[in-house]
Each structure stands twice: as C-alpha cells, then as structure tokens.
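See structure below.
The values are calculated or read from the model by the stated rules, or taken from the named source; none is laboratory data. None of these values were measured; they are calculated from a predicted model. Positions of Cβ are generated from backbone atoms using ideal geometry, with glycine treated the same way; all protein chains shown enter the neighbour counts.
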Amino acid sequence: MLLIKIGGGKEINLNGIISDLATLQEKFIIVHGANSLRDDLANKLGYQKKVVTSLSGYDSVLSNEETIDLAMMAYAGLKNKRIVELCQQNGINAVGLSGIDGKVIQGKRNSGIKVREGGKTLLLRDFSGKPKAINKQLLDLLLDNGYTPVLSVPLIDENNFAINSENDDIIALLQSEFKAEKIISLIEAPGFLLDKNDSSSLLPKMSKAELEAMEEKVDGRMKRKILALRKLFSAGDTTVILSDGRTENPIKDALNGKGTTIQ
C-alpha cells in the first residue's frame with residue numbers, strides 16, 4: 001500500500017504523476033491539494049483569503065462559509081474530477097470523493113484559533129478542524145474491488161457540517177489505519193531544503209529523530225508540515241519521500257531516491 005499526496009501548486013505535473021502511478025502494481029490512495037486553483041477562483045470571484053498565525057506560531061487560512069464554498073469548487077470539484085479523468089485515461093479506475101461523501105473523512109471542528117491582533121488575544125471561530133476518523137469500510141470496499149480512491153477536502157464534522165483541514169493531517173490519519181509501506185509527498189521543490197530559496201540545500205536523507213529538531217528551526221506553514229510529518233511515524237515504521245512534483249516522472253523519481261527520504 002502506498003499513500004500519494006499531491007500538492008496543489010500550479011507547476012505540479014499531474015500528467016506525469018498519473019502516468020507513473022499507472023505502472024505500479026501496489027494499491028494506493030491519492031490525497032490532493034488545489035491551493036493554486038482555489039486562489040485563482042478567489043481572485044475571479046473577488047474574495048480575499050485571510051491567513052492568521054496562532055499563538056503557537058502555526059499559520060492557517062481562516063475558513064468561513066465562502067472559503068468552504070471555494071474548497072468545494074476547487075478541491076472537491078474541478079481538481080478532483082480532473083485527476084479522476086486523468087486516472088481513467090491512464091487505465092486507473094478512480095473514484096473521487098471529498099471527506100463529506102459517505103463520511104469518508106470525519107473531523108472535529110476546532111474550538112477556535114487564538115491569535116494576537118491589535119495587542120489583544122482573540123479567539124477566532126471558523127469552519128476548520130482536525131480529521132479524527134475515516135470510513136475504512138468504504139475505502140476497503142473500493143480498494144478490494146479494483147477502484148482507486150482520490151480524496152480531497154472538505155471533511156464532515158461532528159454536526160455534519162463541511163469543514164476545512166490540512167492534507168498532511170489527513171495523510172497521517174490514513175497512515176494510522178492503512179500502515180502504508182511508503183508515503184510519497186509531491187511538492188513544488190526538489191525535496192526538503194535547508195534554505196527554501198536555495199535548491200542546492202536539499203537534504204537527501206533525514207531520520208525521524210531529526211524532524212523534531214527541524215521543527216524548531218522553521219516557521220509558518222513549514223512548521224505545521226514538519227509536525228504532520230512527525231505524526232506519520234507515530235503509527236509505526238514507514239518511509240516518507242518528499243519529492244519534486246514538477247519533473248517529467250515524479251513518482252518514478254521519488255521511488256528511485258530523488259528528493260528527501262525520511263525513515
């Protein structure tokens with residue numbers, strides 16, 4: 001079993017990724033982003049997203065009802081169905097699902113995000129949360145009958161409302177249930193860079209013990225991503241490959257040792 005996380009950047013080579021996946025013998029689940037498409041739609045619709053930083057130093061996009069509508073359009077709609085279309089063109093019998101479909105990914109809505117604004121500590125409530133359970137029966141039903149799940153936000157919360165969440169946390173939850181041998185995360189970078197502006201600073205290998213130290217050295221969204229990477233190992237041993245999703249053969253490159261391998 002493989003878990004495939006496809007970033008939502010504009011330069012990600014979806015054609016190359018799906019073409020590579022079609023050559024694999026293993027079963028796999030795809031979790032994808034669509035942040036670039038979401039931002040394009042937001043601009044066309046005249047919507048301005050709001051990024052907030054929690055007191056603990058983690059950045060996130062504040063999710064109001066308009067944000068959820070955008071997620072449904074960009075993630076669960078256009079990007080999900082284009083990936084399913086590509087899968088079908090390459091002989092992969094894919095089924096696209098958001099977390100709310102069949103309650104395939106159930107979450108718990110956040111109690112609020114504590115932020116500092118104007119010298120005051122505020123508690124901001126929104127439609128975001130953490131994934132807490134998956135409908136493994138549904139995913140097993142698909143996998144056992146030759147279908148490949150293609151998953152996206154939004155999730156469904158404890159009161160059956162759609163909520164936004166982080167794909168890294170979704171991957172961690174899937175890993176806790178499926179115990180994938182390898183997790184491939186495809187991004188718009190050669191791998192884990194010690195200096196995000198210097199591609200030559202690629203770290204080819206990292207131990208899971210080094211992740212905690214790395215978390216102290218970064219900030220913003222990368223801090224959140226490293227925390228999520230650490231969670232992947234809490235369910236047991238696996239190999240995480242952080243690799244470039246822009247190359248001609250992103251999956252083959254990742255499996256052949258390009259990028260950053262974390263064990």
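Here are the numbers for this structure:
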{"item": "Every residue from the stretch 106-131 that is under 24 Å from Glu158 (Cβ atoms) and charged (D, E, K, R)", "result": "Lys108, Arg109, Lys114, Arg125, Asp126, Lys130"}
{"item": "Any chance Leu45 is farther than 24 Å from Lys225 by Cα and among the hydrophobic types (A, V, I, L, M, F, W, C)", "result": "yes"}
{"item": "Number of the condition not met by Leu141 [criteria: (1) surrounded by fewer than 16 Cβ atoms within 10 Å (Cβ to Cβ); (2) more than 29 Å from Met73 (Cβ to Cβ); (3) modelled with pLDDT of 95 or more]", "result": "(2)"}
{"item": "Unique residue being under 24 Å from Ile134 (Cα atoms) and of a type in the set (Ser, Thr, Tyr) when the list is Ser185, Ser207, Ser201, Ser243", "result": "Ser185"}
{"item": "Qualifying residue in the stretch 38-56 (condition: closer than 15 Å to Gly245 by Cβ and among the hydrophobic types (A, V, I, L, M, F, W, C))", "result": "no"}
{"item": "Any hit, the stretch 174-181, residues being at pLDDT 85 or above, polar (S, T, N, Q), over 25 Å from Val52 (Cα atoms) and out of contact with any Phe, Trp or Tyr (no Cβ under 8 Å at 6 or more places or on another chain)", "result": "yes"}
{"item": "Any pair with Cβ under 9 angstrom, 6 or more apart, that starts in the stretch 41-62 at a residue that is at positive phi and at pLDDT 80 or above and ends at one that is part of a loop (DSSP other than H, G, I, E, B) and surrounded by 15 or more Cβ atoms within 10 Å (Cβ to Cβ)", "result": "none"}
{"item": "Residue within the stretch 229-251 that is surrounded by fewer than 16 Cβ atoms within 10 Å (Cβ to Cβ), out of contact with any Asp or Glu (no Cβ under 9 Å at 6 or more places or on another chain) and within 18 Å of Lys10 (Cα to Cα) present", "result": "yes"}
{"item": "Qualifying residue in the stretch 207-220 (condition: touching a helix residue (DSSP H, G or I) at 6+ places or on another chain (Cβ under 8 Å) and polar (S, T, N, Q))", "result": "no"}
{"item": "Wholly enclosed strands (runs of 3 or more DSSP E) of the stretch 73-137 bearing at least 1 residues buried (at least 20 other Cβ atoms within 10 Å of the Cβ) and within 18 Å of the chain's Cα centre (by Cα)", "result": "94-98, 105-109, 129-134"}
{"item": "Checking Asp101 against (1) without any contact (Cβ under 8 Å) to a residue 60 or more places away in the chain; (2) closer than 28 Å to Leu242 by Cα; (3) not small (Gly, Ala, Ser), the condition it does not meet", "result": "(2)"}
{"item": "Residue count, the stretch 9-39 (criterion: touching a Lys or Arg at 6+ places or on another chain (Cβ under 7 Å) and either surrounded by fewer than 20 Cβ atoms within 10 Å (Cβ to Cβ) or part of a loop (DSSP other than H, G, I, E, B) (or both))", "result": "5"}
{"item": "Flag for Val218 being surrounded by fewer than 18 Cβ atoms within 10 Å (Cβ to Cβ) and either more than 20 Å from the chain's Cα centre (by Cα) or not small (Gly, Ala, Ser) (or both)", "result": "yes"}
